[in-house]
Amino acid sequence: MLGFTSELDKIHLSLVVLSITGLYALFYRCPGRKLDHIPAVGYKSHLLSFIGGFQFFYKARHLLQRGCDEFGAGVFKIPHLNRWTVVVNGEKYIEEYRKAPENVLSFHDAVEEIALTLGPTVGTNPYHIPIIRTQLTRNIPAVLPGLHEELVVAYETTIPPKDGQNEEFLKTNVDFTVTVIIAGAILNLLPRFLRPKYLQPLVEERRQKMADSGQDYPGKPNDMLSWLMDAASEEEGTLHNLARRILTVNMAAIHTSSMTFSQALFDLATHPEYVKELRDEVKSVTDREGWTSDALNQMIKVDSFIKESQRLHLLGHLLMQRVVRQPFTFSDGTVIPAGSTVGVAGYSAHMNETSYEDPHTFQPFRFVNKREETGRKVDMVSTSTDFLSFGHGLHSCPGRFFAAAELKLMLAHVLMTYDLKMEGDAGRPEDVWYMATCIPNPKAEILFRKRVA
């Protein structure tokens, strides 16, 4: 075990680490000179821009907003310790950006480091994405009754707390997400707990039934595991790789949905004046349609409420990140060289005064009004240059239709089952920021009280 015999040893080690880090960052920053023609936020020189790289850790949203305010529609760059990121701002430029093909602006290259922590084939063979985009979306009406049952059990288990179902499996999925994100720079990380033990009996049972009665055996479950097993190659169909793929799918869904829903609950708890109107809609629709997919599609106000919460509290201020494979030229002649990392200024898009009247104010039925005024469908899953919570273009979130159904189902259930308010009648909790990522305040507390029928 390494030990330090004196404070001097610690100082020497710190200097070595800082020197190595500095040389590493300088080596990778050198190609950044290809971006000298793009305006920079903060220090312009490559040496002093390291200060901005450190600032990005704790004031990224301010740096991004400063760039949008200073340079307006177009592109600018912000510093990281090891590189620059080019930021795209303005509807016209976002539209040009989102139309670029994968061989020019690569989504897969941008997520490669995270994908490598999941195993090399998750990035090179993302066969789960078309399954999510087509089969999961198409089967929402079929899976919704089971989802509603699980939702009711989950709330009864959590409020008040009781022993829940499959707690270890749920914890594994949540921990896996956190571990992969933290370890994004470490290649081929395999968490200790990533074991196939939870899926093994299910996979073996289904394989046996397929062997006995064919691939479409009677009573075959209509779920993600079945779809993955059907589509997987021989290599991807191993127990280990199926477990990895299930965890990958869950990783993409758990924290994004939970953070979005937490923000919506904060807004609901601090705006009780909208509760009755929302409840009236849910009651009217469910009395007529039951707890079905058709019912959720008719919850226009619930949808608008969640979307407005997403607009104001989007998960990140730097969205739709890509790596440039081939030089990309905007219509104004600005060239982004190959090897650059690019992203979109999400918060600026969501605060666009041309698209949103009084954009900094929470107006939960804003999108109901937009729908009536324009005749266009502007629900939660509709992406655009001024609403980027699910991305925009070719790589928009493939699971957004399921996520929207899940979020509306949860909020509708809360509305009909509980009264809620912030602890101590506090106002809306301030968001917490880590670099450009927005997180619901983890210290905030909401009080739930079962409604009396």
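Go through Val381, Val414, Val432 for me and flag whichever is under 18 Å from Leu312 (Cα atoms) and open to solvent by less than 50 Å² (accessible area, probe 1.4 Å).
Numbers: Val414 fails: under 18 Å from Leu312 (Cα atoms); Val432 fails: open to solvent by less than 50 Å² (accessible area, probe 1.4 Å).
Exactly one of Val381, Val414, Val432 is under 18 Å from Leu312 (Cα atoms) and open to solvent by less than 50 Å² (accessible area, probe 1.4 Å), namely Val381.
Going by the structure shown, is Met422 touching a residue at least 40 places away in the same chain (Cβ under 8 Å) and more than 28 Å from Asp379 (Cα to Cα)?
In short, no.
Among the residues of the range 420-429, write down those that are open to solvent by 50 Å² or more (accessible area, probe 1.4 Å) and in contact with a strand residue (DSSP E or B) (Cβ under 7 Å, 6 or more places away or on another chain).
Once the filter is applied, which keeps residues that are open to solvent by 50 Å² or more (accessible area, probe 1.4 Å) and in contact with a strand residue (DSSP E or B) (Cβ under 7 Å, 6 or more places away or on another chain), the range 420-429 yields Lys421, Glu423.
Identify, please: which residue in the range 18-36 is under 15 Å from Phe76 (Cα atoms) and surrounded by 13 or more Cβ atoms within 10 Å (Cβ to Cβ) and is, among those, modelled with the lowest pLDDT?
Quick first cut of the range 18-36, residues under 15 Å from Phe76 (Cα atoms) only: 32-36.
In the following step, the residues that additionally are surrounded by 13 or more Cβ atoms within 10 Å (Cβ to Cβ) were identified as 32, 34-35.
Details: Gly32: 52, Lys34: 85, Leu35: 82.
Once the filter is applied, the top-ranked residue is Gly32.
Across the range 339-375, what is the number of residues that are surrounded by fewer than 14 Cβ atoms within 10 Å (Cβ to Cβ) and touching a Pro at 6+ places or on another chain (Cβ under 8 Å)? Spell out the reasoning first.
First, pick out the residues of the range 339-375 that are surrounded by fewer than 14 Cβ atoms within 10 Å (Cβ to Cβ): 353-354, 357-358, 360-361, 369, 372-375.
Still in the running and touching a Pro at 6+ places or on another chain (Cβ under 8 Å): 353.
The total comes to 1.
Of the conditions (1) surrounded by 15 or more Cβ atoms within 10 Å (Cβ to Cβ); (2) modelled with pLDDT under 90, Gln263 clears all except one; give me its number.
Against the list (1) surrounded by 15 or more Cβ atoms within 10 Å (Cβ to Cβ); (2) modelled with pLDDT under 90, Gln263 comes up short only on (2).
Pick from the range 440-453 the residues that are of a type outside the set (Gly, Ala, Ser) and without any contact (Cβ under 8 Å) to a residue 12 or more places away in the chain: which of them is least open to solvent (accessible area, probe 1.4 Å)?
Residues of the range 440-453 of a type outside the set (Gly, Ala, Ser): 440-443, 445-452.
Going one step further and asking which of them are without any contact (Cβ under 8 Å) to a residue 12 or more places away in the chain, we end up with 442, 452.
On the way: Pro442: 104, Val452: 138 Å².
Looking at residues that are of a type outside the set (Gly, Ala, Ser) and without any contact (Cβ under 8 Å) to a residue 12 or more places away in the chain, I get Pro442.
Quick test for you: out of Thr172, Thr158, pick the one residue that is open to solvent by less than 30 Å² (accessible area, probe 1.4 Å), farther than 30 Å from Asp332 by Cα and modelled with pLDDT under 90.
Values: Thr158 fails: open to solvent by less than 30 Å² (accessible area, probe 1.4 Å).
That would be Thr172, the only listed residue that is open to solvent by less than 30 Å² (accessible area, probe 1.4 Å), farther than 30 Å from Asp332 by Cα and modelled with pLDDT under 90.
Return yes or no: is Asp386 touching a Cys at 6+ places or on another chain (Cβ under 7 Å) and either among the acidic types (Asp, Glu) or open to solvent by 60 Å² or more (accessible area, probe 1.4 Å) (or both)?
Numbers: touching a Cys at 6+ places or on another chain (Cβ under 7 Å): no; either among the acidic types (Asp, Glu) or open to solvent by 60 Å² or more (accessible area, probe 1.4 Å) (or both): yes.
Considered against the rule, which asks whether it is touching a Cys at 6+ places or on another chain (Cβ under 7 Å) and either among the acidic types (Asp, Glu) or open to solvent by 60 Å² or more (accessible area, probe 1.4 Å) (or both), Asp386 comes out as no.
Six or more apart or on different chains, Cβ atoms under 8 Å: show the pairs whose first residue is in the range 134-160 and within 16 Å of Ala404 (Cα to Cα) and whose second is surrounded by fewer than 15 Cβ atoms within 10 Å (Cβ to Cβ) and at pLDDT 85 or above.
Between residues of the range 134-160 that are within 16 Å of Ala404 (Cα to Cα) and residues that are surrounded by fewer than 15 Cβ atoms within 10 Å (Cβ to Cβ) and at pLDDT 85 or above, the close pairs are Asn139/Asn222; Pro141/Asp294; Ala142/Asn222; Val143/Asn222.
Only one residue in Tyr43, Tyr93, Tyr97 is open to solvent by 20 Å² or more (accessible area, probe 1.4 Å), of a type in the set (Ser, Thr, Tyr) and at pLDDT 90 or above, so which one is that?
Values: Tyr43 fails: at pLDDT 90 or above; Tyr97 fails: open to solvent by 20 Å² or more (accessible area, probe 1.4 Å).
So the residue among Tyr43, Tyr93, Tyr97 that is open to solvent by 20 Å² or more (accessible area, probe 1.4 Å), of a type in the set (Ser, Thr, Tyr) and at pLDDT 90 or above is Tyr93.
Take Thr437 and tell me if it is hydroxyl-bearing (Ser, Thr, Tyr), touching a residue at least 60 places away in the same chain (Cβ under 8 Å) and open to solvent by 40 Å² or more (accessible area, probe 1.4 Å). Don't jump to the end; show me each part of the working.
Values: hydroxyl-bearing (Ser, Thr, Tyr): yes; touching a residue at least 60 places away in the same chain (Cβ under 8 Å): yes; open to solvent by 40 Å² or more (accessible area, probe 1.4 Å): yes.
Here the answer is yes, as Thr437 does meet what is asked.
Out of the range 201-228, which residues are under 20 Å from Val143 (Cβ atoms) and among the small types (Gly, Ala, Ser)?
Passing the criteria: Gly219, Ser226.
Looking at the range 409-453, which of its residues are in contact with a Leu (Cβ under 8 Å, 6 or more places away or on another chain), assigned to a helix (DSSP H, G or I) and of a type in the set (Val, Ile, Thr)?
Val414
Can you name every residue in the range 202-219 that is open to solvent by less than 50 Å² (accessible area, probe 1.4 Å) and within 25 Å of Arg133 (Cα to Cα)?
Taking the range 202-219 first, the residues open to solvent by less than 50 Å² (accessible area, probe 1.4 Å) are 203, 206, 214, 217.
Answer for the range 202-219, where residues must be open to solvent by less than 50 Å² (accessible area, probe 1.4 Å) and within 25 Å of Arg133 (Cα to Cα): Val203, Arg206, Tyr217.
Condition first: open to solvent by 40 Å² or more (accessible area, probe 1.4 Å) and either without any contact (Cβ under 8 Å) to a residue 24 or more places away in the chain or in contact with a helix residue (DSSP H, G or I) (Cβ under 9 Å, 6 or more places away or on another chain) (or both). Now tell me which residues in the range 67-88 satisfy that. So that I can check it myself, show each step before the final result.
Going residue by residue through the range 67-88, those that are open to solvent by 40 Å² or more (accessible area, probe 1.4 Å) are 69-71, 73, 81-83.
The answer is Asp69, Ala73, Leu81, Asn82, Arg83.
If you take the residues in the range 269-292 that are buried (at least 19 other Cβ atoms within 10 Å of the Cβ) and modelled with pLDDT under 95, which one is nearest to Met422 (Cα to Cα)?
Out of the qualifying residues, it is Ala269.
Name the one entry in Arg311, Arg322 that is under 23 Å from Thr437 (Cβ atoms), open to solvent by less than 10 Å² (accessible area, probe 1.4 Å), among the charged types (D, E, K, R) and in contact (Cβ under 8 Å) with a residue 12 or more places away in the chain. Quick ask: steps written out before the conclusion?
Numbers: Arg322 fails: open to solvent by less than 10 Å² (accessible area, probe 1.4 Å).
Checking each option against the conditions leaves just Arg311.
The values are calculated or read from the model by the stated rules, or taken from the named source; none is laboratory data. Everything quoted here is computed from the prediction, not taken from an experiment. Cβ coordinates were reconstructed from backbone atoms using ideal geometry, including for glycine residues, and neighbour counts include every protein chain displayed. For the accessible areas, the whole protein counts, side chains as well, though only heavy atoms, and no ligand, DNA or RNA atoms are used. Shrake-Rupley method; radii C 1.70, N 1.55, O 1.52, S 1.80 Å.
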